[in-house]
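Colleague: I'd like to ask you about the structure that follows.
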Amino acid sequence: GENVEQHPSTLSVQEGDSAVIKCTYSDSASNYFPWYKQELGKRPQLIIDIRSNVGEKKDQRIAVTLNKTAKHFSLHITETQPEDSAVYFCAATPTDNWGKLQFGAGTQVVVTP
Amino acid sequence: DTAVSQTPKYLVTQMGNDKSIKCEQNLGHDTMYWYKQDSKKFLKIMFSYNNKELIINETVPNRFSPKSPDKAHLNLHINSLELGDSAVYFCASSLALVGIEQFFGPGTRLTVL
């Protein structure tokens, strides 16, 4: 089955700096890679996703890159703001695996003013 | 007009008791899920249903029994609760089975004493 590793487990950045979170996956059949943000005490919410036919996707201050050959994908947050403080989860799933999302262990991002 | 709702939000109970968590979605989605988030924030899928049919049944003790009376509802019944069952349980739904955003409910924090 799929195994997703996520690094770092915690990330402290100054407001305005960039944050990068990296994930690797094991199953070469995986072709859907979402990122979820979970604020303290709240539900996980999708912030961006990428499919295997795309190498990069951007949405305002967040971007995701995918390297299928190396089986890794990354989340980039630019110009970080205090409201970016949260736990971020990467996930992977092969589209023929009945929607089973395999989540990484999460990254606690703390943005200090 | 909450998209995915769960009840109760908090559940405190004694070991050995039986309890249920209810989930409802008003998004018209075909697929619903149960996830368990442990104290280290790790998110792991437990079950998924598509059109009331069980699709994913992860390695979960058979004390956990999901029930989907219709497409909009997925309940979780837990028998003989154990200390290790303490966690936050999230319900989620998606429009389809594969490669698509999952919408999470607010979570149910279960504490077993």
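The values are calculated or read from the model by the stated rules, or taken from the named source; none is laboratory data. Computed from a predicted model, the values in this text were never measured in an experiment. Counting neighbours? That spans all protein chains shown, and the Cβs are built from the backbone with ideal geometry, glycine included.
Colleague: Evaluate the stretch B:49-56: report whether one residue or more is within 11 Å of another protein chain (Cβ to nearest Cβ), at pLDDT below 95 and loosely packed, with under 15 Cβ neighbours inside 10 Å. First the steps, then the outcome.
Modeller: Let us first name the residues in the stretch B:49-56 that are within 11 Å of another protein chain (Cβ to nearest Cβ), namely B:49-50, B:53-56.
Pick out the ones that are also at pLDDT below 95 and you get B:49-50, B:53-56.
This time we only want the ones that are loosely packed, with under 15 Cβ neighbours inside 10 Å, so: B:53-54.
The answer is yes; a qualifying residue exists.
Every residue, every condition in (1) part of a loop (DSSP other than H, G, I, E, B); (2) more than 14 Å from A:Thr107 (Cβ to Cβ); (3) within 14 Å of another protein chain (Cβ to nearest Cβ); (4) among the β-branched types (Val, Ile, Thr), yes or no:
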{"site": "A:Glu5", "(1), (2), (3), (4)": "no, no, yes, no"}
{"site": "A:Ser30", "(1), (2), (3), (4)": "yes, yes, yes, no"}
{"site": "A:Phe33", "(1), (2), (3), (4)": "no, yes, yes, no"}
{"site": "A:Ile50", "(1), (2), (3), (4)": "no, yes, yes, yes"}
{"site": "A:Thr69", "(1), (2), (3), (4)": "yes, yes, no, yes"}
{"site": "A:Leu75", "(1), (2), (3), (4)": "no, no, no, no"}
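Colleague: Using beta carbons and a limit of 6 Å, which pairs, at least six apart or on different chains, have the first residue in the stretch B:76-98 and more than 12 Å from every other protein chain (Cβ to nearest Cβ) and the second one basic (Lys, Arg) and surrounded by 19 or more Cβ atoms within 10 Å (Cβ to Cβ)?
Modeller: What qualifies is B:Ala87/B:Lys36.
Colleague: Kindly indicate the residue of the stretch B:29-48 that is closer than 22 Å to B:Val112 by Cα and among the aliphatic types (A, V, I, L, M) and also surrounded by the fewest Cβ atoms within 10 Å (Cβ to Cβ) among those meeting that condition.
Modeller: Here the residue is B:Met46.
Every residue, every condition in (1) farther than 22 Å from B:Ile56 by Cα; (2) crowded, with 18+ Cβ neighbours inside 10 Å, yes or no:
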| site | (1), (2) |
| --- | --- |
| A:Ile21 | yes, yes |
| A:Leu40 | yes, no |
| A:Arg43 | no, yes |
| A:Leu46 | no, no |
| A:Gln60 | yes, no |
| A:Thr69 | yes, no |
| A:Glu79 | yes, no |
| A:Ala91 | no, yes |
| A:Gln108 | yes, no |
